[in-house]
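Only one structure is covered here, and it is reproduced in the block below.
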Amino acid sequence: MRLLHYGESDKLSIHSFDNSNIPRYAILSHTWGTDGDEVSFADLQTGGGKTKPGYNKILFCGEQARHDGLQYFWIDTCCIDTTDKAEHSQAIQSMFCWYRSATKCYVYLSDVSTRKRKIRNSSTELSWEPAFKSSRWFARGWTLQELLAPTVVEFFSQEGKILGNKTSLKLLIHKTTAIPLEVLDGTPLACFTVEQRLRWKGNRQTKRNEDAWYSMAGILDVEVAPAYSEGAASAFKRLMDEVHKLERCTQDIRPTDPRDDKKRIEETKGGLLADSYRWILDNTAFRQWHENKHSRLLWVKGDPGKGKTMLLCGVINELQGSIPRTTLLSYFFCQATDSRINSATAVLRGLLYMLVHQQPSLVSHIRKKYDYAGKSLFEDANAWVALSEIFADVLQDASLSTTYLIIDALDECMTDLLKLLSFIVKQSSASSRVKWVVSSRNWPVIEEELERAEHKTRLSLELNAESVAAAVKVFIQQKTRQLAQEKRYTPEVEDAVLQHLTLNANNTFLWVALVCQDLRTTPKWKNVLKKIAQFPPGLDSLYRRMLQQISESDSADMCLRVLAVTAVLYRPVAVAELVVLTKQLAEFVDNLESVHEIIGLCGSFLTLRDNTVYFVHQSAKDFLVTKASNEVFLNGPECVHRDIFAKSLTLLQKTLRRDMYNLLAPGYPAQKVKLPLLDPLAVSRYPCVYWIDHLCNSRLESAASNANKLLEEATIVNTFLKQRYLYWLEALSLCRSIAKGVVSMTKLWDLVQGLRNTDALNEIVYDARRLLMYHKEAIENYPLQVYASALLFSPADSLTRRLFQHEEPRGVAVKPAIGNGWSACLQTLEGHSDTVTSVAFSHDSTRLASATVKIWDASSGTCLQTLEGHSEFSSLVGFATQQPGHEAISISSDNTWITCNAQKRLWLPSDYRPSCSAVSGRSICLGTGSGKVWLCCFT
Ligand SMILES: Nc1ncnc2c1ncn2[C@@H]1O[C@H](COP(=O)(O)OP(=O)(O)OP(=O)(O)O)[C@@H](O)[C@H]1O
């Protein structure tokens with residue numbers, strides 16, 4: 001970036017800076033005079049331009065910057081060499097960023113004067129407001145981003161007198177432009193929809209038509225390279241394409257919205273009590289981390305139920321209320337009970353999502369890889385590598401201001417915890433702008449890793465027992481008061497409850513919360529004092545006591561089954577989902593109220609929120625799985641997995657069919673799919689996504705000794721794949737879980753390979769997995785292409801293709817036929833040793849020619865046209881005209897579809913994408929980059 005410097009002896013000089021090294025600077029916003037009036041870069045180089053009218057603006061800006069203590073300033077007329085096309089184009093794309101990064105922006109209004117003027121009644125008026133409102137500055141296109149991008153915008157009259165800034169003048173600006181006051185007050189643009197932001201453009205004019213849209217790019221958080229001959233319509237289209245890509249990328253990176261998780265966690269835990277977390281704000285370790293520039297990582301550690309999660313919720317709230325607008329705050333809550341948010345990749349994705357949401361320009365680091373790989377970048381086997389690189393780049397971004405990153409419950413990160421820890425250690429040492437807070441239980445493995453961080457501070461809840469005790473005391477008082485009001489306790493009972501809780505809580509919030517929860521459900525007529533005496537101190541003893549109560553109740557069997565199933569599920573499920581997954585609840589399919597009651601009876605372990613069943617706390621699940629395993633899993637957890645697997649497949653066998661959402665169009669994009677009012681997949685989503693995981697955990701291998709059992713299960717899977725496989729893939733696509741499907745099919749493949757006497761199953765799993773891997777992209781993005789592209793472009797001998805032949809699109813044939821085996825390649829026409837760049841039909845459509853002739857666009861380096869000198873054949877263009885009555889067959893502009901009458905019909909796998917194509921009647925011939933030529937006929 002070039003910047004001007006206005007020296008002490010009024011000497012003007014120009015300097016270049018690397019992006020990483022730009023000093024504080026002021027920036028000018030103005031409207032251009034005629035080209036000859038403005039001082040150009042060339043003028044400055046030669047020391048000329050001093051007599052031009054535009055020179056006054058330079059002097060004004062230089063003096064004002066000097067007055068504000070800024071040594072450098074930037075003016076578009078002379079800091080860009082517009083004769084250098086590449087530089088000019090780059091500058092147009094960087095402009096928003098330059099305005100945003102400026103310390104101050106001076107708006108010079110050449111048509112607003114502060115001179116007194118006479119009005120009719122001979123009194124004088126100072127008001128420049130009418131001129132301000134009708135200033136040309138508000139009518140030009142580029143000045144919109146100059147108003148919105150910088151934090152400080154000051155307005156000056158033609159005499160250089162200050163009129164105010166964008167905050168003090170916000171009402172006037174709002175009246176003139178209709179831009180909302182919050183925007184002028186500095187609310188981030190990302191908080192407004194694309195439509196709202198487009199509306200702010202109003203009727204602003206630009207010299208070149210295309211600029212009308214290029215000038216909106218920064219405001220919409222995207223970049224569009226200028227191409228001035230394209231026209232406004234094309235510029236708008238490219239702008240919106242970029243906006244949609246940004247939206248898709250942000251959507252795809254989001255594993256969950258951590259803001260919703262935080263809300264949910266606070267609500268399920270009974271609401272956040274400020275008086276029980278505020279102690280941390282005065283804690284020495286916390287203050288050191290917060291106030292000391294060199295302290296970058298705070299580790300909050302403590303035993304289960306000591307209030308770490310709620311403490312972090314409180315820290316987030318306090319930071320949110322106190323940090324400047326430009327500071328970023330991103331957080332993530334790991335939860336072991338939910339497989340969507342219990343892995344290292346999910347943590348990075350969640351944090352990135354929140355960062356990008358606050359500062360969309362950071363998405364460029366993701367887009368570098370995402371634009372090639374799509375969503376699989378975040379989900380495939382290399383997701384961690386890609387995400388950790390992206391994250392490191394984001395943290396190094398020059399535009400990143402102070403950033404807080406908060407991760408709760410590292411101990412609940414079930415996949416790749418060590419990788420995550422070492423990443424935190426490394427990154428917390430790498431950037432001084434980034435401050436981390438993490439929390440976990442007192443696990444030695446976490447201790448060992450975090451010990452390596454250079455600038456860490458540790459906050460142990462056990463070592464701060466006094467503060468925690470005081471916080472728990474407040475919590476007990478609040479809870480007891482609530483209970484007493486709700487249950488109308490006498491003062492004696494209230495006092496007895498308070499005393500018992502205080503004596504036995506042992507600084508553990510959770511213990512108090514669980515006892516109070518139990519007392520809430522205790523009927524009034526029961527002797528509360530007797531009841532409370534039965535709650536033993538210590539979390540595990542309390543859980544044991546609660547389990548005993550359940551075991552002694554009338555509904556013991558049902559409750560224990562529900563606990564067993566819930567304990568092995570991979571994510572929290574809705575009540576209706578729980579019913580279809582639990583053998584023992586089969587009779588309650590139409591009686592969900594009773595299921596609610598059963599869950600209520602398990603209330604010391606389970607809780608319901610928004611109709612979803614959660615464990616009250618991770619420690620409750622841990623207790624059941626480790627310390628009460630014998631009571632909960634009578635025949636081992638494998639049996640529970642096996643039952644869930646069997647229930648899942650029975651359900652899927654019944655529900656799955658072709659086009660469950662009535663999409664009809666073969667090219668209907670998954671992204672646009674809306675949930676139908678009566679969702680046929682409502683209770684089948686969980687089984688769809690997790691049936692293979694449950695099968696694998698049912699330890700089929702160990703059942704190998706029981707040959708009948710093994711055969712039975714192999715047969716169930718075999719039948720399902722034979723009869724429902726493609727419908728299952730469609731359902732996975734509708735559930736946006738194809739990537740998980742690929743991982744699951746690999747797990748299944750590994751499993752069946754280890755089994756004996758399952759050849760038939762082996763064969764179908766092999767083929768089914770290959771089909772899914774090869775066609776993943778098509779199915780993932782267009783659910784119904786599983787019956788078109790996936791079938792037509794699978795080998796003729798593919799078992800799945802043969803089994804689902806009846807689902808192939810009627811009247812479409814691909815010739816030469818796709819090879820027999822998965823690795824077979826298409827027929828290659830003789831004589832092609834290079835890219836096939838041209839194919840054409842002869843006039844009678846009986847002959848097909850291909851050639852390798854290229855015409856290159858010298859400026860862009862892209863291939864523009866093909867086929868010259870093929871005089872005996874019609875050119876490609878000639879064949880584009882269709883015979884009347886026929887559907888127009890064509891190739892989509894991005895080369896990925898065969899379309900009929902502009903409707904997407906058949907998605908092309910990458911090996912089949914044409915470098916050239918020709919149409920004759922109902923046939924389309926395609927030549928590919930690898931030297932293959934193939935034909936697709938629609939009858
Ligand atoms: N500040 C608070 N406001 C309201 N409730 C709180 C607060 N702190 C703790 N609690 C109560 O205590 C329970 C346990 O707290 P929390 O889940 O934060 O513990 P934790 O230390 O994160 O436990 P674990 O390590 O086992 O996950 C919560 O479910 C909630 O009921």
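Values quoted throughout were computed directly from the atomic coordinates according to the rules given, and no laboratory measurement underlies them. Remember, predicted model here, so these are calculated numbers, not experimental data. Here the Cβ positions follow ideal geometry from the backbone for every residue, glycine too, while neighbour counts run over all protein chains shown.
For the chain, what does the relative contact order come out to in percent, with C-alpha contacts under 8 Å and a separation of six or more?
Answer for the chain is 6 percent.
If R0 is 56 Å, what FRET efficiency do you get for residue 822 and residue 230 from their C-beta distance, rounded to 0.05?
The calculated FRET efficiency here is 0.85.
Going by Cα centres, the stretch 266-282 and the stretch 130-192 are how many Å apart?
The stretch 266-282 and the stretch 130-192 have Cα centres separated by 41 Å.
Quick one: 3J(HN,Hα) in Hz for the stretch 381-386, Karplus 6.51/-1.76/1.60 with θ = phi - 60°, rounded, Gly and Pro as x.
With the stated coefficients, the stretch 381-386 comes to 4, 9, 4, 4, 4, 4 Hz.
Please report the relative contact order for the stretch 717-825, taking Cα pairs under 8 Å with a sequence separation of at least 6, and give it as a percent rounded to a whole number.
Working: 115 pairs, mean separation 29.5, N = 109.
Result for the stretch 717-825 is 27 percent.
Rounded to the nearest 0.05, what FRET efficiency is calculated for residue 503 and residue 203 with R0 set to 60 Å and r the Cβ-Cβ distance?
0.25
Each residue of the stretch 476-493 in order: what ³J(HN,Hα) in whole Hz does its phi give by Karplus 6.51 cos²θ - 1.76 cosθ + 1.60, θ = phi - 60°, with x for Gly and Pro?
4, 4, 5, 5, 5, 4, 4, 4, 4, 5, 5, 9, 6, 5, 6, x, 5, 5
When ranked by the protection proxy of mean other Cβ atoms within 10 Å per residue, highest first, what sequence do the peptides 183-192, 737-746, 384-393 form?
Result, highest mean Cβ count within 10 Å first: 737-746, 384-393, 183-192.
Cβ neighbours within 10 Å, averaged per peptide: list 315-327, 258-270 in order, most packed at the top. Display every interim value, and only then the final one.
Working: 315-327: 14.5, 258-270: 17.1.
The densest-packed peptide leads the list: 258-270, 315-327.
Near residue 50, which lysines are there with a Cα under 16 Å away, not counting those fewer than 8 places off in the same chain?
Excluding near neighbours in sequence, the set is 11.
With each run of n ≥ 4 DSSP H residues scored as -39500 (n - 2.57), what mean residue ellipticity at 222 nm is computed for the chain after dividing by its residue count and rounding to the nearest 500 deg cm²/dmol?
On the way: 37 runs with 410 residues, N = 939.
Helix-only estimate at 222 nm: -13000 deg cm²/dmol.
Mean shadow of the stretch 2-205, computed from the convex hull of its alpha carbons, in nm²?
13.3 nm²
Find how many whole Å separate the alpha carbon centroid of the stretch 770-793 from the alpha carbon centroid of the stretch 918-939.
The stretch 918-939 and the stretch 770-793 have Cα centres spaced 20 Å from each other.
Report the extension gain between residue 677 and residue 22 in nm, rounded to one decimal, defined as 0.36 nm multiplied by the number of residues separating them, less their alpha carbon distance.
Extra length available between residue 677 and residue 22 comes to 230.3 nm.
Note down the Stokes-Einstein diffusion coefficient of the chain in µm²/s, whole number, using a Kirkwood radius over alpha carbon pairs, 37 °C, and 0.692 mPa s.
Here the translational diffusion coefficient equals 100 µm²/s.
For the chain, what is the percent of antiparallel DSSP beta bridges, rounded to the nearest 5?
60 percent
For residue 456, give me every one of the aspartates and glutamates with a C-alpha distance below 15 angstrom, ignoring sequence neighbours fewer than eight places off in its own chain.
In chain and number order, the partners are 291, 447, 448.
Which of the aspartates and glutamates could a cross-linker bridge to residue 932, judged by Cα under 16 Å and excluding same-chain residues fewer than eight apart?
Correct list for residue 932: 830, 834, 911.
Considering only C-alpha atoms, what is the centroid distance from the stretch 523-581 to the stretch 633-693, in Å?
29 Å
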